[in-house]
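Data first, discussion second: the structure below is written as structure tokens.
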Amino acid sequence: QVQVVESGGGLVQPGGSLRLSCAASGVTFSRYNMDWYRQAPGKQRELVATITTDGTTNYGDSVKGRFTISRDNAKNTMYLQMNSLKTEDTAVYSCKLRSPYTTYWGQGTQVTVSS
């Protein structure tokens with residue numbers, strides 16, 4: 001059975017940092033491209049960052065230079081290091097594993113940036 005679980009969310013002050021994790025089981029992790037998405041209340045879901053099977057990364061314009069996506073295939077885990085957080089980064093962050101044949105989503109983790 002496939003499980004995808006995010007963790008690391010919480011409440012942080014503006015300018016602070018958080019590191020999110022996305023752990024997957026029941027899949028051959030290294031074969032999947034992976035994404036971080038976020039959705040704020042009343043807004044459309046937004047693609048935050050992407051990492052491919054060979055480690056190539058891409059970022060949304062709103063997080064470039066502040067967020068870093070990475071993966072550890074030995075631990076079946078993907079990360080999102082978020083620095084210089086802003087109030088507008090407040091959202092539920094979800095990870096997605098995708099291959100040409102299937103897609104798996106986690107349940108999401110809440111990130112709240114507030115003073």
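The values are calculated or read from the model by the stated rules, or taken from the named source; none is laboratory data. Small disclaimer: the values here were computed from a predicted structure and weren't measured. For neighbour counting, all protein chains shown are included, and Cβ atoms are generated from backbone atoms with ideal geometry for every residue, glycine included. These area figures cover heavy atoms from the full protein model, side chains too; ligands, DNA and RNA do not enter into them. Shrake-Rupley method; radii C 1.70, N 1.55, O 1.52, S 1.80 Å.
Details
- Residues (closer than 13 Å to Q107 by Cα and basic (K, R)) located in segment 1-43: R38
- Among the residues listed as V63, V111, the single one being under 13 Å from S21 (Cα atoms), surrounded by 13 or more Cβ atoms within 10 Å (Cβ to Cβ) and modelled with pLDDT of 95 or more: V111
- Long-range neighbours under 8 Å by Cβ, at least six apart or interchain, first residue at positive phi within segment 66-79, second open to solvent by 40 Å² or more (accessible area, probe 1.4 Å) and modelled with pLDDT of 95 or more: N76/A23; N76/S25
- Within segment 21-50, restricting attention to residues that are of a type in the set (V, I, T) and part of a loop (DSSP other than H, G, I, E, B), the residue that is most open to solvent (accessible area, probe 1.4 Å) is T28.
- For the residues T53, T77, the requirement of being in contact with a strand residue (DSSP E or B) (Cβ under 8 Å, 6 or more places away or on another chain) and surrounded by 15 or more Cβ atoms within 10 Å (Cβ to Cβ) singles out T77.
- Lone qualifier among D72, D89 - being touching a strand residue (DSSP E or B) at 6+ places or on another chain (Cβ under 8 Å), acidic (D, E) and more than 14 Å from W36 (Cβ to Cβ): D72
- Answer residue from segment 8-20, given it is assigned to a strand (DSSP E or B) and open to solvent by less than 40 Å² (accessible area, probe 1.4 Å) and is nearest to S99 (Cα to Cα) among those: L20
- Members of segment 46-87 that are among the charged types (D, E, K, R), over 12 Å from the mean Cα position of the chain (by Cα) and farther than 16 Å from G9 by Cβ: D54, D61, K64, R66, D72, K75
- Being without any contact (Cβ under 8 Å) to a residue 24 or more places away in the chain, open to solvent by 40 Å² or more (accessible area, probe 1.4 Å), of a type in the set (S, T, N, Q) and in contact with a Phe, Trp or Tyr (Cβ under 8 Å, 6 or more places away or on another chain) is not true of T103.
- Members of segment 86-100 that are touching a residue at least 24 places away in the same chain (Cβ under 8 Å) and either under 27 Å from S30 (Cα atoms) or crowded, with 21+ Cβ neighbours inside 10 Å (or both): D89, A91, V92, Y93, S94, C95, K96, L97, R98, S99
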